[in-house]
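*Asks:* After the C-alpha cells below, expect a handful of questions from me.
The values are calculated or read from the model by the stated rules, or taken from the named source; none is laboratory data. The model shown is predicted, which means the values in this text are computed figures rather than measured ones. Here the Cβ is made from the backbone with ideal geometry for all residues, glycine too, and neighbour counts use every protein chain on show.
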Amino acid sequence: MKQIYDFDRYPPPVLNENMLRDKLEKRSKKRQTILLAVSGVLLQIVALLLEVLTCNRYPIFSVCCLVYQLVSMTGGGVIAVVYAQKGGNFHHE
C-alpha cells in the first residue's frame with residue numbers, strides 16, 4: 001500500500017474524533033442538498049411534461065402547471081441570489 005504521508009520528515013496531521021465527525025456531517029449535508037436539488041429538477045420536468053401532455057384535454061390543469069412552473073422557477077432564482085449574496089459555497093474547508 002502506498003504511503004501518502006512521510007511521518008519521518010513531518011508530524012502527522014492533528015485529528016480528533018470531533019473533527020472527523022464534523023467532516024462526516026458536512027459530507028452528509030452536502031449529499032442531502034444535492035439529492036434535494038436533483039429531486040426539485042425532476043419535479044419541474046414532470047410538471048412540464050404534464051403541462052404539455054394535458055394542454056388539449058385539460059386546459060385549466062395545464063395553466064395550473066404553468067403557474068406552478070413560473071412560481072417555482074422564480075422562487076429558486078430568488079433563493080440562488082440570496083445564497084450568492086451571502087457568499088455561501090460548499091467548497092470551503
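*Asks:* Which condition number in (1) touching a residue at least 40 places away in the same chain (Cβ under 8 Å); (2) not in a helix (DSSP H, G or I) is the one that residue 30 fails?
*Replies:* It fails just one condition, (2).
*Asks:* Taking residue 11 as meeting all but one of (1) loosely packed, with under 11 Cβ neighbours inside 10 Å; (2) part of a helix (DSSP H, G or I), write down the number of the exception.
*Replies:* The one condition residue 11 does not meet is (2).
*Asks:* May I ask you to list pairs of residues, at least six apart or on different chains, whose Cβ atoms are under 6 Å apart, with the first in segment 42-61 being modelled with pLDDT of 90 or more and the second being in a loop (DSSP other than H, G, I, E, B)?
*Replies:* 61/54
*Asks:* Has segment 71-93 got at least one residue that is in contact with a Lys or Arg (Cβ under 6 Å, 6 or more places away or on another chain) and either exposed (fewer than 10 other Cβ atoms within 10 Å of the Cβ) or not aliphatic (A, V, I, L, M) (or both)?
*Replies:* For segment 71-93, residues in contact with a Lys or Arg (Cβ under 6 Å, 6 or more places away or on another chain) and either exposed (fewer than 10 other Cβ atoms within 10 Å of the Cβ) or not aliphatic (A, V, I, L, M) (or both): present.
*Asks:* Please work out which one of (1) surrounded by 11 or more Cβ atoms within 10 Å (Cβ to Cβ); (2) at pLDDT 90 or above is the condition residue 21 fails and give its number.
*Replies:* Condition (1) is where residue 21 drops out.
*Asks:* Out of the residues in segment 8-42 meeting the condition of being closer than 22 Å to residue 75 by Cα and small (Gly, Ala, Ser), tell me which one is nearest to the chain's Cα centre (by Cα).
*Replies:* It comes out as 37.
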